[in-house]
Amino acid sequence: MKIDNEGFWYPNIDKNECINCNLCEKVCPIINPVKRVDSKKIAYASMNKDEQVRMKSSSGGIFSILAEYIIKNNGVVYGAGFDEDFNIKHKRILYSTDLDLLRGSKYVQSSIGDIYKQVKNDLENNNPVLFTGTPCQVEGLRSYLRKEYVNLITMDFICHGVPSPLVWEKYLKKMKKSKQENIKNIYFRNKDIGWKLFSLKIIFDKRIYSNDLNNDLFMKGFLQDVYLRPSCYNCKFKKINRISDITVADFWGIENILPKMDDDKGTSLIVIHSEKGKQLFDKLSETMIINEVDLNEAIKYNSSMIRSVKYNEKRNSFFAELNSGKELTDLIRIYTKISFEKRVKNKIKSIIKRLIR
């Protein structure tokens, strides 16, 4: 994989090593999509009964329940975590004490490396495996494996899109007051001020930075779609009938559908796609607070499940200026500034929504 000038990884074939087997094309989920026989979808609003775990999680803490179960049954859990420089990469976890490394959202494209090979090796050794990732990563794994494994559970999530690792790297450098200052931990979805206005929290040696989603510059650029991967603006994996066994997401709109489950501490939307996923979820249901919901109603507030974000026309200009040496935070301020006309339109839309409710 090679990095382009926007910081994204793309496959590069070494023609000197290639044997022309065409296997890379055969297992590409874009060229040859994985097919699953359609089944009835079941959707739930859910939350972990363990309040401490839920507060450490991005939404309702359901990943932790599934992961704990897999590990207790001599299994392996794969998911996205930080490396020593706080870049995002997929990791293999064997112990419950390490689940903090994977818990919580990471709003950057994660590096897969040779993780698919490790997953296959675990499956061939009959280890139960839970693999979590973006919808495209899950379909990529399923394509790579080329057959069904009864001991594999896959879980994707409703994905907004993945920001550039280059932007993230430059953002962290800017956040440090000096080269000697060290980062101890990062939480993309800290709930100190609540679940809905979560803050990006960075713990340094001698200070703590925290700002909500409307004021942190990295989050503003991400949520306004300034520096997502190009394919995210036309994602082929946003659909209801997914290859994963389970889809997990923030249950935005829970206050309108099930107000009693809206305590601003995090509620998960769970969509079950397979019998294997249903059996596992049912087995663990006693550890959760659960209410079945209408999936179509839930999607009204979670449209990213089926719809890509709109392309930001400022995107190319942003990267051109970034690569010319312009300062990152200045650029994000410029490219996320909302015009007076747009502010008025947003206010009108907000008023109309309240009147309709």
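Residues of segment 54-71 being closer than 17 Å to D264 by Cβ and among the hydrophobic types (A, V, I, L, M, F, W, C), which ones?
Matches in segment 54-71: M55 only.
Within segment 72-113, count every residue that is open to solvent by less than 50 Å² (accessible area, probe 1.4 Å) and free of Cβ contacts under 8 Å to residues at least 12 places away in the same chain.
1
Those residues that are of a type in the set (D, E, K, R), outside any loop (DSSP other than H, G, I, E, B) and open to solvent by 10 Å² or more (accessible area, probe 1.4 Å), I need them from segment 140-198; list them, please.
R142, E169, K170, K173, K174, K184, R189
Using the structure shown, decide if N312 is among the polar types (S, T, N, Q), in a loop (DSSP other than H, G, I, E, B) and modelled with pLDDT of 95 or more.
Yes: the conditions hold for N312.
To keep it simple, each residue is scored yes or no on (1) farther than 29 Å from I334 by Cβ; (2) not hydroxyl-bearing (S, T, Y).
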site: F222; (1), (2): no, yes
site: C235; (1), (2): no, yes
site: G253; (1), (2): yes, yes
site: T287; (1), (2): yes, no
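Determine whether E255 is assigned to a strand (DSSP E or B), more than 20 Å from G79 (Cβ to Cβ) and acidic (D, E). Steps first, please.
Numbers: assigned to a strand (DSSP E or B): no; more than 20 Å from G79 (Cβ to Cβ): yes; acidic (D, E): yes.
Judged against the criteria, E255 is not a match.
Quick test for you: out of V293, V309, pick the one residue that is surrounded by 14 or more Cβ atoms within 10 Å (Cβ to Cβ), more than 21 Å from M155 (Cβ to Cβ) and under 23 Å from the mean Cα position of the chain (by Cα).
None of the other options fit; the residue is V309.
Exactly one condition in (1) over 30 Å from M219 (Cβ atoms); (2) touching a strand residue (DSSP E or B) at 6+ places or on another chain (Cβ under 7 Å); (3) β-branched (V, I, T) is not met by V150; state its number.
(2)
Please go through segment 32-56 and give me each residue that is without any contact (Cβ under 8 Å) to a residue 24 or more places away in the chain and closer than 15 Å to F251 by Cα, ordered by number.
Within segment 32-56, no residue meets the criteria.
Looking at the structure I just gave you, is I257 of a type in the set (A, V, I, L, M) and open to solvent by 40 Å² or more (accessible area, probe 1.4 Å)? Spell out how you get there, then give the answer.
Working: of a type in the set (A, V, I, L, M): yes; open to solvent by 40 Å² or more (accessible area, probe 1.4 Å): yes.
Answer is yes for this residue.
Can you tell me which of (1) surrounded by fewer than 15 Cβ atoms within 10 Å (Cβ to Cβ); (2) of a type in the set (A, V, I, L, M, F, W, C); (3) over 20 Å from E169 (Cβ atoms) is the one A320 doesn't meet?
Condition not satisfied by A320: (3).
The values are calculated or read from the model by the stated rules, or taken from the named source; none is laboratory data. Predicted, not measured: the structure shown is a model, and the values here were computed from it. Reconstructed Cβ throughout: ideal geometry from the backbone, glycine too, with neighbour counts over all protein chains shown. Surface accessibility is based on the protein's heavy atoms, side chains included, excluding ligands, DNA and RNA. Shrake-Rupley method; radii C 1.70, N 1.55, O 1.52, S 1.80 Å.
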